[in-house]
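Below: the structure, in structure tokens.
The values are calculated or read from the model by the stated rules, or taken from the named source; none is laboratory data. Owing to the predicted nature of the structure, the values given are computational and were not obtained by experimental measurement. In this analysis, Cβ positions are derived from the backbone assuming ideal geometry, glycine residues included, and neighbour counts consider all displayed protein chains. SASA here: full protein model, heavy atoms, side chains in, ligands and nucleic acids out. Shrake-Rupley method; radii C 1.70, N 1.55, O 1.52, S 1.80 Å.
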Amino acid sequence: MSVIERVEVTGFEYVVPDLALDDGGFNIVCAPGKSHRMVRHAITIHDSDGVVGEYVTGWGGTAAAIAQVLQLAPMLIGRNPLHREAIYAHFRYGLRQTDMMGIGLLDIPLWDLAGKAYGASIATLLGGDKTRVTAYASTLHGDRNGRLDSPEAYVEFAEECRSLGYTAFKVHGFSEGDPDEESRTVSLLGKRFGGEMKLMLDPSCDLRTFAHALQVGRACDEANFMWIEDPYRDNGVSQHGAKRLKSFIKTPLLMTEHVRGLEQKADFIVAGATDYVRADPEFDLGITGTMRIAHLAESFGLDCELHSCGPAQRHCMAAIRNTNFYETTLVGPGMKNALPAIYTCGYSDDLDAIAPDGTFPVPSGPGLGVSYDWERIRANKVMHETFKAA
């Protein structure tokens with residue numbers, strides 16, 4: 001029987017040009033001439049048969065999540081790496097007083113290891129039949145720096161995305177949360193692309209009040225938007241607030257990005273507080289947790305839309321019937337994707353990596369089906385932890 005012998009966590013830094021934090025310090029925005037230092041983490045799980053599961057974190061690799069990874073990693077030593085269900089249940093219990101986001105960052109490389117052990121892609125292990133996924137362009141937050149700096153700039157960027165092959169476009173608006181400005185962006189996009197592109201809005205809780213969310217929601221109604229996400233400062237966690245907003249607008253709500261766990265998402269569904277269900281392999285306890293959420297949504301006749309981009313998302317989507325779009329996030333005019341370019345196999349989530357038919361490929365190799373630039377990762381190392389048997 002194979003057992004886990006070693007887990008390694010390597011933090012590495014990289015610099016993204018023309019990017020900065022907004023005045024609030026949480027959202028990244030286009031900022032020509034500036035640069036922003038970011039840190040991501042590479043996680044490897046080594047078993048006694050010499051198989052290595054690998055994963056480099058995306059947007060879910062926060063400092064808080066990595067702290068959980070460092071807490072959990074020693075508990076993997078000596079366990080069968082193929083016992084993902086038991087590990088999922090154990091870790092979920094152990095982190096029940098937290099947001100549990102660290103679990104997914106270990107579950108994904110366990111799936112990569114399993115795929116390599118069996119010589120099959122994760123999509124194949126999941127029973128997936130899709131080889132390509134249809135994508136939407138998901139913008140950076142609005143800026144005041146000459147890129148996404150006005151409602152008209154969003155329309156111009158949507159034109160660029162459509163010319164590349166995107167059939168859908170989502171706005172992350174301005175952090176100031178001005179409902180008039182947000183409504184104008186919605187209105188202009190609806191007038192320009194109505195019937196030509198699917199349109200979505202994610203205020204990301206930047207609208208300050210229920211009244212502001214109602215105003216913008218009604219603008220989405222008029223522009224025939226596909227959905228609106230986490231509209232206002234209930235922080236995307238109030239079932240009552242979401243249900244009340246739904247009673248006043250026609251545009252479907254996409255909630256549950258900000259609540260963790262199967263039961264919490266089920267509660268949103270049962271309360272009638274969301275129309276689409278959100279899941280993310282990093283945020284929602286891995287590929288193991290994401291597939292549970294997708295099947296939960298399916299049992300209620302709802303679609304499950306995956307958050308963010310990455311190879312784990314593509315593999316999950318290959319096996320989920322009730323899903324519509326892959327999120328190419330966070331992108332802006334003249335920008336590369338802010339996630340690190342650390343693949344040596346041609347994998348990319350850059351805006352212009354989309355095929356003319358509006359799709360991205362699902363990697364077909366064993367496990368995640370990607371290879372990483374370990375030389376670059378190690379050359380830019382800022383931390384390293386190794387866990388192994390004493």
So what is log10(I(q)/I(0)) for the chain at q = 0.06, 0.08 1/Å, when the Debye sum runs over its Cα atoms only? -0.22, -0.40
Can you tally the net charge around residue 114? Count Lys and Arg as +1, Asp and Glu as -1, for every other residue whose Cβ sits under 15 Å from the Cβ of residue 114. -3
Helix 210-223 axis, angle to the chain major axis (alpha carbon atoms, nearest 10°): 80 degrees
The percentage of the accessible area of segment 200-327 (probe 1.4 Å, all protein chains present) made up of carbon and sulfur atoms, to the nearest whole number, is 49 percent
Counting heavy atoms of the protein chains only and a 1.4 Å probe, report the per residue accessible area for the chain as a whole number of Å². 39 Å²
Add +1 for every Lys or Arg and -1 for every Asp or Glu among the other residues with Cβ under 13 Å from the Cβ of residue 156, and state the total. -1
Can you pull a Stokes-Einstein diffusion coefficient for segment 90-192 at 4 °C (1.567 mPa s), Rh from Kirkwood over Cα pairs, as a whole number of µm²/s? 74 µm²/s
Taking the Cα centre of the chain as the origin, how large is its charge dipole in debye, to the nearest 20, when only Lys and Arg (+1) and Asp and Glu (-1) carry charge on their Cβ atoms? 660 debye
Hey, with R₀ at 35 Å, roughly what FRET efficiency would residue 221 and residue 267 work out to, going by the Cβ-Cβ distance, to 0.05? 0.85
Give the distance, in whole Å, between the Cα centre of segment 348-390 and the Cα centre of segment 262-326. 22 Å
Using packing as a proxy for protection, rank 304-311, 381-388 so that the peptide with the highest average count of other Cβ atoms within 10 Å comes first. 304-311, 381-388
Which percent, nearest 5, of DSSP beta bridges in the chain are antiparallel? 55 percent
Accessible area of segment 48-104 with a 1.4 Å probe: how many percent of it is carbon plus sulfur? 55 percent
Around residue 184 (Cβ within 11 Å, Cβ-to-Cβ, excluding residue 184; K/R +1, D/E -1) the net charge comes to -4
What 222 nm value per residue comes from the helices of the chain, counting each DSSP H run with n ≥ 4 as -39,500 (n - 2.57) and dividing by all residues, nearest 500 deg cm²/dmol? -10000 deg cm²/dmol
So what's segment 316-378 giving for Cα Rg divided by 2.2 N^0.38 Å, two decimals? 1.24
Given 198/246; 130/243; 336/388; 198/243; 130/246, the pairs whose alpha carbons are separated by over 30 Å: 130/243; 336/388; 130/246
If you line up the long axis of helix 102-118 against the longest principal axis of the chain, both from Cα atoms, how many degrees apart are they, to the nearest 10? 60 degrees
Place +1 on the Cβ of every Lys and Arg and -1 on the Cβ of every Asp and Glu in the chain, take the dipole about the Cα centre, and give the residue among 325, 165, 137 whose Cα lies farthest towards its positive end. 325
Segment residue 357-residue 34, length gained on full extension (0.36 nm per residue, minus Cα span): 112.9 nm
Degrees between helix 84-94 axis and first principal axis of the chain (Cα, 0 to 90, nearest 10): 70 degrees
Under 17 Å by backbone N from the virtual spin label 7 Å along Cα-to-Cβ at residue 13, the residues of segment 42-57 are 42
How many percent of the alpha carbon pairs in segment 271-384 exceed a separation of 23 Å? 37 percent
Which distance in Å, rounded to a whole number, links the C-alpha centroids of segment 21-92 and segment 120-181? 24 Å
